[in-house]
Structures are given as structure tokens and as C-alpha cells.
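The values are calculated or read from the model by the stated rules, or taken from the named source; none is laboratory data. This structure is a prediction, so every number in the text was calculated from the model and none was measured. Ideal geometry is used to build each Cβ from the backbone, glycine not excepted, and the neighbour counts take in all protein chains shown. In case anyone asks, the SASA skips ligands and DNA or RNA and just uses the protein heavy atoms, side chains included. Shrake-Rupley method; radii C 1.70, N 1.55, O 1.52, S 1.80 Å.
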Amino acid sequence: MSHLVAIVGPTAVGKSKLAIRLAQIFDAEIVGADSRQVYRYLDIGTAKPSPEERALVPHHLIDVVDPDEDFSLALYQRMAYEAIENIQRRGKPAFLVGGSGLYVWSIIGGLRIPQVPPNPQFRRKLEERAAKEGGEVLHRELQEIDPASAQRIDPRNIRRLIRALEVSHLSDVPFTQLQRGEPPPFRALVVGLTTARQELYRRIDSRVDWMVEQGLVHEVEGLLSRGYGPDLPAMSGLGYKQIGLYLEGEMDLAQAVQRIKYETHRFARHQYAWFRPEDKRIHWFDIRNGVQEPICRLVGRFLSEGEVGSHR
């Protein structure tokens, strides 16, 4: 049976840099599990690996669609499985790396993605409700019919709330039930990186400042000039939405930067709904304690023996 190493955790905790170091040690390739890094031209605001880092280690599932192209969980799952199979066929370890919980567990758990086609009329109705009454209204409705999904979906993630409600209403089966599937034909070791909340917030704030210094405003200006409007799902991500508001004159730059930091703190807290500290499938490491050496030993044992509490 083949092996997959997943490196998960909240944003800005250091997953990508650790993954690159480990991939060099084990001659592995990285498969991204980030719902924003799949988009081309969204580089700085998604903390995408640099060209230099991607030259060190092959990366997959990064820069696969333009910002105005549709991208779904089902498409991600299919492309990720193909990438993993291709890597393993060449005799190399595959590392699944990212903080998009649904993406990660769709691969490790072999989720059966709901085969419910989009319903534009239903979606438009919910979008109008969200615009008038706020996302909390949709979130409360989802809590009533599918509490498990509601617990995992951020009330501000209107697009995902609408999809969960769409699937539940049009299939008469909760979104979470439709997602249950068969595990894939490989063992998975899940490594989680974490740290104290205030330290995580400090790392987030530092990264946001770095993004602005690196030209986040210019990146958003370039995307808008290419015709990628703020209504696109790709442009609703952290950083892009707030800088877009700044460029529209809705707030000054300092306010936009502070809003990015605040929303990213909130997003990081929400990621722990997908990667729970008490989840026995995840081998957790606090980055304050120096994690590379113990994780390297753990991954080495797993790749050679296929045990150490792997998830199957």
C-alpha cells in the first residue's frame, strides 16, 4: 500500500516551509491543499510558494485555473488524486500540504462529493437573502438541517453556506451524509502544526505586513485591471477583498491592513474546526518546541514501516 504524508494546521504556522525542507530530505513532491493557491496571478495574498521554492521541490495543484474559472471540490479531489498517483507511481513520497480542511479530508477520507448540479435560481435567491440579512441567517438555517456542516463552515463564507444548503435542499439529504465515502488506497500520516494563539496572531500580523511590503496592493490592482472583478469567488479571499475595498475608497490602507489581520485571526480560529487538537488522527507538534527533527523521525518511520498511527 502506498503512503501519503499530510501536513496541516492554521494559516501562517509554517506548513509550507517545513514541507519543503522535509520534501528535500525524503525526495518527495508536494500536492497543495489550499483553495486559493489554485488560482493563477493570486500570489502574494495567498502566500504561494515562491518560484525559488518551487524550483527546489515540485509542487502540484498550484496555478491550475484563472481567477474567473470555476473550481470545485470535486475537481480538486480528482486532480489531487491524479497527482498523488503519478508521484507514487514514480516511486516518490507525496506530501499533501495546506490549511483548507475540506480539501485535506476529501483526499484522506475519500469523500464522495455530492453529485448535485448548481441551481442558479436557488443560489441567486440565497445570495439576495445573505445581502439583505447577512450570512448568519443562512448559517442558522444550515444549523437546523445539517448541524455538522454548520459547525465547520464559517458564517461569513457565503459561497460554501449556499452550496451546503443547495445540496441539502435539492437532494433531501444533509451535505455531510452525501460526503461519506471510501478511504483511498493509501495509508496517510497526518502531521499537524500548532502554537499558542497569541504567537499565531503575531505570525499572521507579520505575514500580512510582509504581503503589503511585497506589493499586495499592486497585485490586486493588476487583477482588477485584467477584468477580474471583486464579485468573483477567487477575489473574495482574505487580503484581496479588503484591498479591493481600499482601492474603491471604502477605507484607507491602514484600515484595510488591520481588517485583513482581524479576519485572518478569525479564519485561523475556524481552521481548528477542521483540524481539532483532540483529533487522534493528527500527530500535533507545537512549533515553539523545534519541530523539524521529531517530525523528520516520524515521517521516516512512517515511510519505511507504514505504521506510527497512520490513518487508513
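If you build a Gaussian network model of the chain, linking Cα atoms that sit under 10 Å apart, which residue out of Leu216, Leu232, Leu61 swings the most?
Maximum fluctuation in the GNM of the chain, among the listed residues, is at Leu232.
Heavy-atom accessible area per residue, the chain, 1.4 Å probe: how many Å²?
Accessible area per residue: 49 Å².
Can you give the log10 of the normalised intensity I(q)/I(0) at q = 0.15, 0.18 Å⁻¹, computed with Debye over equal Cα scatterers of region 1-107?
-0.57, -0.84
Label Asn86 and Ser236 with points 7 Å out from Cα along Cα→Cβ: what is the distance between them in nm?
Result: 3.0 nm between the two label points.
What FRET efficiency would be calculated for the residue pair Glu136, Arg226, taking the C-beta separation as r and a Förster radius of 41 Å, to the nearest 0.05?
The formula returns an efficiency of 0.75 here.
What GluC sites (Glu not before Pro) does region 200-257 have in DSSP loop regions with at most 14 other beta carbons within 10 Å?
Answer by residue number: Glu248, Glu250.
Compute the FRET efficiency between Asp279 and Arg123 as 1/(1 + (r/R0)^6), taking r as their Cβ-Cβ distance and R0 = 30 Å, and round to the nearest 0.05.
Once the sixth-power term is evaluated, E becomes 0.40.
How long is the gain from Glu250 to Arg288 if the chain were fully straight, where each residue apart is worth 0.36 nm and the alpha carbon distance is subtracted?
Length gained between Glu250 and Arg288: 9.8 nm.
For the chain, modelled as a GNM with alpha-carbon contacts under 10 angstrom, which of Glu127, Glu278, Glu69 fluctuates the most?
Taking springs between Cα atoms under 10 Å, the residue moving most is Glu278.
Could you tell me what percent of the accessible area of the chain is made up of carbon and sulfur, with a 1.4 Å probe and every protein chain present?
Percent of accessible area from carbon and sulfur atoms in the chain: 48.
Which of the trypsin sites (Lys or Arg not before Pro) across region 269-304 are loop residues per DSSP, with 13 or fewer other Cβ within 10 Å?
Lys280
Here are labelled values, (1) -0.57, -0.70, -0.85; (2) -0.67, -0.81, -0.97; (3) -0.81, -0.89, -0.97, and one is the computed log10 I(q)/I(0) by the Debye sum over Cα atoms at q = 0.10, 0.11, 0.12 Å⁻¹ for what I pasted. Which one?
(1)
Once each part is reduced to its C-alpha centroid, what is the distance from region 231-286 to region 120-145 in angstrom?
Using only Cα atoms, the two centres lie 21 Å from each other.
Taking the Cα centroid of region 1-37 and of region 186-230, what is the distance between the two, rounded to the nearest whole Å?
16 Å
Lys280: which lysines have alpha carbons under 21 Å from its alpha carbon, excluding same-chain residues fewer than 8 sequence positions away?
Lys15
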